Amino acid sequence: MTAALALGDDALVLSHRLGEWAGHAPVLEEEVALANIALDLLGQARTLLSSVGDEDELAFLREERSFRNVQLVEQPNGDFAHTIARQLYFSVYQHLLYGRLAAGEGQFAALAAKAVKEVAYHRDHAEQWVLRLGDGTAESHERMQRGLDALWRYTGELFEPVEGLDLDRQTLGDDWLAAVTSVVRRATLTLPTGPQSGGWAAGAGRQGLHTEPFGRMLAEMQHLHRSHPGASW
Amino acid sequence: MSSSTDWPLWEVFVRSRRGLSHTHAGSLHAPDAEMALRNARDLYTRRSEGVSVWVVPSTEITASSPDEKDAFFEPAGDKPYRHPTFYEIPDGVKHL
């Protein structure tokens, strides 16, 4: 139950954040790309949340404290580089996670086998952009570095234990760091040096503690359903 | 959306599931070939239209001019013998 909620909420919340780019992306092509990624994540969220309850009730009627997503995915979009930094950190993690789950025989094996192909594309999309922004102009380089630095302290939470997820978190974290380091170096950027976890890091989303912007995001995400209960297209 | 005008235009060709050749699907803007391929995937194959995608810089395409249409295409119009249907098949021809 906890694991399905955790993974489902990660996908749901990031999907909503990416959806916020609709109408605001720097170019039309990129808007479609971000919306595609958001829809992939929404599909994953629906499968995961439906496995533990009514998907609409879980998405639209839960209070902030009941959400189990990591704080990384609820962080506001910021500029495009900030969003890409969030995408890099999360999609590399999700790709490695789903790869492991797909190879196992647990309750998430079937979902992960399908989702791992979607997430491989999300990861590729993020990596391609990190390379271009990092190794682009002086301004894109600076913005990309700023995005990586600002979100670094939310990455430790990705490797905290989740009830019902039986996997080697140590190697997951090691593989993630190696993959992220490789992309960051190729992009001529610098891997952030601050703590990923501990006193000065963030991250208690899995326990239901969220950052301030999350409340505002939920208000927007939930208000239609709460204003018109049971409404349909 | 102003920066899209700085990016070159690419023509997209998609080979469908049952098709043997790539067919022109449309065009898009992208900073380089790799990104053009990814954008093409998102814009033109999201409903399982294709199994293979080509992207070609629009500037690399040399097109026939509409002004030369007559000189280019008219002469073929009155030469029905270039079509196989012009010829009658003699009786008794096998394996045709």
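The values are calculated or read from the model by the stated rules, or taken from the named source; none is laboratory data. Just so you know, these numbers come straight off a predicted model, no measurement behind them. Methodologically, a virtual Cβ is constructed for each residue, glycine included, from the backbone with ideal geometry; neighbour enumeration extends over all protein chains shown. For the accessible areas, the whole protein counts, side chains as well, though only heavy atoms, and no ligand, DNA or RNA atoms are used. Shrake-Rupley method; radii C 1.70, N 1.55, O 1.52, S 1.80 Å.
Remarks
- Rolling a 1.4 angstrom probe over the protein heavy atoms with all chains in place gives the protein assembly as shown an accessible area of 55 Å² per residue.
- Descending semi-axes in whole angstrom, ellipsoid equivalent of chain B, from the Cα gyration tensor: 40, 22, 8
- For A:Ala204, residues with placed amide H under 5 Å, excluding near neighbours: A:Gln71
- Residues B:Ile89, B:Ile61 ordered from highest to lowest accessible area at a 1.4 Å probe: B:Ile89, B:Ile61.
- Rough spin-label spacing in nm, given labels placed 7 Å along Cα→Cβ, for A:Asp124 and A:Glu57: 4.0
- 3J(HN,Hα) along segment A:183-193: 5, 4, 5, 4, 7, 6, 9, 10, 5, x, 10 Hz, from the Karplus curve 6.51 cos²θ - 1.76 cosθ + 1.60 with θ = phi - 60°, whole Hz, x for Gly and Pro.
- Averaged over peptide B:34-41, the number of partner chain Cβ atoms lying within 10 Å of each residue's Cβ comes to 4.
- Inter-centroid distance (Cα atoms) of segment A:1-53 relative to segment A:134-185, Å: 19
- Stokes-Einstein translational diffusion, segment A:116-156 - Kirkwood Rh over all Cα pairs, 1.002 mPa s, 20 °C, in µm²/s: 193
- Legend: residues A:Trp176, B:Trp54, sorted from most to least accessible area (1.4 Å probe; ligands, DNA and RNA excluded), read B:Trp54, A:Trp176.
- Set against the 2.2 N^0.38 Å expectation for a compact globular protein, segment A:2-227 has a Cα radius of gyration ratio of 0.96.
- Averaged over A:25-35, number of beta-carbon atoms from partner chains that fall within 10 Å: 6
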